[in-house]
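K.L.:
Can you read through this structure? Questions will come right after.
The values are calculated or read from the model by the stated rules, or taken from the named source; none is laboratory data. This one's a predicted model, so the numbers in the text were calculated from it and none came from an experiment. Methodologically, a virtual Cβ is constructed for each residue, glycine included, from the backbone with ideal geometry; neighbour enumeration extends over all protein chains shown. SASA here: full protein model, heavy atoms, side chains in, ligands and nucleic acids out. Shrake-Rupley method; radii C 1.70, N 1.55, O 1.52, S 1.80 Å.
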Amino acid sequence: KMIFKQLPLEAKAAVAAGMVFFSMMLSRSYLAEKLDLRTRRWLLRLQMALFANALMLIGSLHVWRSTVTTFSRSSAASSFCFMPWKIAVFMFLALAHSSFFTLLFLVAEEPYFFSLAAYTCLGAYIILIFFLFTLGSVEQAYKFLAGRGTKAGPVNKNRTVMKPVLAVMLTAVLTVVGLLNASQPPTVNSVEVPVHKLPSAMNNLKVVLLSDIHLGPTVGKTKLAMIVRMVKALKPDITVIVGDLTDSEAEIIRPAVEPLGELNSPLGTYFVTGNHEYYTSDVSNWFELLKSFNIRPLHNENVKIVSPKSTDDWFCLAGVDDIEADVLRYSGHGMDLKKALADCSSEHAIVLLAHQPVAAKWALQERPDINLILSGHTHGGQMFPLNAGAYFLNPFFVGLYKVGQNTFVYVSPGTMYFGIPMRLGSRAEITEIILHSP
């Protein structure tokens, strides 16, 4: 107890984060099957919010020291602007921390202004932390290279003050750019893919791919209605939604989902789960809701997509549950490729829907005869500086990949965004995939 009291605040925050993470692991291992879905849903979200906030506290202490404490030691402290600045920084940090709790309390048909403000602050917080760390590292490298013989003086003090000023200015500019970029309608990207053994009667079949819409605190009915209008204008033969449609329970956000009922692709609209569907702990209700809109969930199963010209011409469209279902021990769910591809032989073309690129990699290791896999999940990194992490954590990042002789993988950068209403270094996309027979 005495040792814990003597720890610096950053270390205490790290210990708290570790304890919350440990409780999350215990919950997943021992409580998952003992708690009802509603209790499990709240416990999981509360734990995730507490874990994120404990980690963020380490960064927030650094932000406060860099942008407030540093100025309090300079001549700026005597300025009448210092107190408003101090309050602004505190409010900024408070909003960023509160963003994770909006999933628990502030989800409706349209986003609340508070949720948009909180998640915008979270995005700016991530950028600010990056620049403070980067500029601090550059400063340390400069000191090392210049040697320790440099005398401390006014110039060094000014340099110390300039570092947070520059970081804040860069953050402000990139935040505005990111907000403007994300506010634009998704771009329509047309991609032609040769599909081995696709019947010639189905040449030029049009599949529209949607992914990562994330209906929740910052994406509502208006955004979804816009997406549906854009999809209908493309007149696809098939529409597929490859996971992370939602971040909330079906009952709460049902009014926002209604535009999906207008999707009327002649060969059907299909859906597979993403990791965020399992975070809602409400997958069965989502399946029922989607079915009411004539959208078929592919729950480790497949359908024959038959050509309107000939019943003898068809290909196999299969879908697997997201791999996060296994991690969360979600009863009755989990990636089961054998079940999903039952009766899908290599005599006919096989198209697989799998939310995560990791799942696509695993699927190809087990069934290299799959011709095309459609995925999402990565968001193309969504925003700087998260892009690099998303790139290295996924075997396929974004766009079209050729794997082997007759297999392609396409990863959507996402049709909207998760939480933070910003995009930097990526662009939201509706993908028009034209299938060609060889």
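K.L.:
Mind checking the angle between helix 113-146 and the chain's longest principal axis? C-alpha axes, 0 to 90 degrees, to the nearest 10.
P.N.:
Between the helix axis and the principal axis of the chain, the angle is about 60 degrees.
K.L.:
Students often get this wrong, so check it: of 232/304; 339/402; 304/402; 232/339; 221/339, which have C-alpha atoms separated by over 30 Å?
P.N.:
Result: 232/339; 221/339 exceed 30 Å.
K.L.:
Here is a follow-up. Find how much the distance from residue 169 to residue 366 grows on full extension, using 0.36 nm per residue of separation minus their present alpha carbon separation; answer in nm with one decimal.
P.N.:
Values: separation 197, 0.36 × 197 = 70.92 nm, distance 4.98 nm.
So the extension gain works out to 65.9 nm.
K.L.:
Can I ask one more? Quick check: the distance between the Cα centres of the stretch 269-326 and the stretch 408-438, to the nearest angstrom?
P.N.:
For the stretch 269-326 versus the stretch 408-438, the Cα centre distance is 19 Å.
K.L.:
Still on this structure, please answer the following. Given a 1.4 Å probe and heavy atoms of the protein chains only, how would you sort 45, 423, largest accessible area at the top?
P.N.:
Details: 45 25, 423 0 Å².
Largest accessible area first, the residues go 45, 423.
K.L.:
At 0.36 nm per residue, minus the direct Cα-Cα distance, what do residue 310 and residue 48 gain on full extension? Give it in nm, one decimal, please.
P.N.:
On the way: separation 262, 0.36 × 262 = 94.32 nm, distance 5.09 nm.
Gain on stretching residue 310 to residue 48: 89.2 nm.
K.L.:
Further, regarding this structure: For a Förster distance of 51 Å, can you work out the FRET efficiency between the beta-carbons of residue 81 and residue 252, rounded to the nearest 0.05?
P.N.:
Here the calculated transfer efficiency is 0.75.
K.L.:
Also: Compute a Gaussian network model of the chain, connecting alpha carbons closer than 10 Å, and tell me which residue from 175, 187, 415 fluctuates the most.
P.N.:
In this elastic network of the chain, the residue with the biggest mean-square fluctuation among 175, 187, 415 is 187.
K.L.:
Under 18 Å between alpha carbons, and skipping anything fewer than 8 positions from residue 309 in its own chain: which aspartates and glutamates qualify?
P.N.:
Answer for residue 309, where 18 Å is the Cα cut-off: 237, listed by chain and number.
K.L.:
Follow-up question, since we're still on this one. So if we plug the beta-carbon distance of residue 303 and residue 105 into 1/(1 + (r/R0)^6) with R0 = 41 Å, what FRET efficiency do we get, rounded to 0.05?
P.N.:
0.60
K.L.:
Taking just the alpha-carbon atoms of the stretch 186-436, what radius of gyration and Dmax come out, in angstrom?
P.N.:
Considering the stretch 186-436 through its Cα atoms, Rg and Dmax are 16.6, 50 Å.
K.L.:
Provide the FRET efficiency to the nearest 0.05 for the residue 293-residue 146 pair, computing r from the beta carbons and using R0 = 60 Å. Spell out each step's value before the answer.
P.N.:
Values: r = 65 Å, r/R0 = 1.08.
Plugging the Cβ-Cβ distance into 1/(1 + (r/R0)^6) gives 0.40.
K.L.:
Bin width 10 Å, alpha-carbon pairs only: give the P(r) of the stretch 91-139 as whole percents, running from 0 to the bin holding the largest distance.
P.N.:
In order of increasing distance, the bins hold 27, 41, 21, 10, 2 percent.
K.L.:
Of 170, 389, 403, which is farthest on the positive side of the dipole of the chain, counting Cα position, with +1 on Lys and Arg Cβ, -1 on Asp and Glu Cβ, and the Cα centre as origin?
P.N.:
170
K.L.:
Taking only protein heavy atoms and a 1.4 Å probe, what accessible area per residue, in Å², does the chain have with all protein chains in place?
P.N.:
For the chain, the solvent-accessible area averages 47 Å² per residue.
K.L.:
Further question: Quick check: the distance between the Cα centres of the stretch 113-148 and the stretch 167-187, to the nearest angstrom?
P.N.:
16
K.L.:
Which value in Å is the Kirkwood Rh of the chain over different Cα pairs? Before the final figure, lay out the partial values.
P.N.:
Working: mean 1/r = 0.0421 Å⁻¹.
In the chain this quantity evaluates to 23.7 Å.
K.L.:
Roughly speaking, to the nearest percent, how much of the stretch 202-290's 1.4 Å accessible area is carbon and sulfur?
P.N.:
48
K.L.:
Per-residue accessible area for residue 367 at 1.4 Å probe radius, Å² rounded to 10?
P.N.:
Probe radius 1.4 Å; accessible area of residue 367 about 60 Å².
K.L.:
Report the net charge of residues surrounding residue 337, where surrounding means a beta-carbon distance below 9 angstrom and charges are Lys +1, Arg +1, Asp -1, Glu -1.
P.N.:
Result for the neighbourhood of residue 337: +1.
K.L.:
If you take every DSSP beta bridge fully contained in the stretch 186-436, what fraction is antiparallel? Give it as a percent rounded to 5.
P.N.:
Details: 16 of 47 bridges.
Bridges in the stretch 186-436 are about 35 percent antiparallel.
K.L.:
Could you tell me what percent of the DSSP beta bridges with both partners in the chain are antiparallel, to the nearest 5?
P.N.:
Details: 16 of 47 bridges.
Taking every DSSP beta bridge within the chain, about 35 percent pair in antiparallel fashion.
K.L.:
Sticking to Cα atoms, compute the Rg of the stretch 368-436 to one decimal and its Dmax as the biggest Cα-Cα distance, whole number, in Å.
P.N.:
12.9, 39
K.L.:
Tell me, which cysteines of the chain are without a disulfide-compatible partner by the Cβ under 4.7 Å rule?
P.N.:
Those would be 81, 121, since no other cysteine Cβ in the chain comes under 4.7 Å of theirs.
K.L.:
Indicate, rounded to the nearest 5 percent, the antiparallel portion of the DSSP beta bridges found entirely in the stretch 287-438.
P.N.:
Looking only at bridges with both residues in the stretch 287-438, the antiparallel portion is about 50 percent.
K.L.:
Given the rule -39500 (n - 2.57) for each run of at least 4 DSSP H residues, summed and divided by the residues of the chain, what is its mean residue ellipticity at 222 nm, to the nearest 500 deg cm²/dmol?
P.N.:
-14500 deg cm²/dmol
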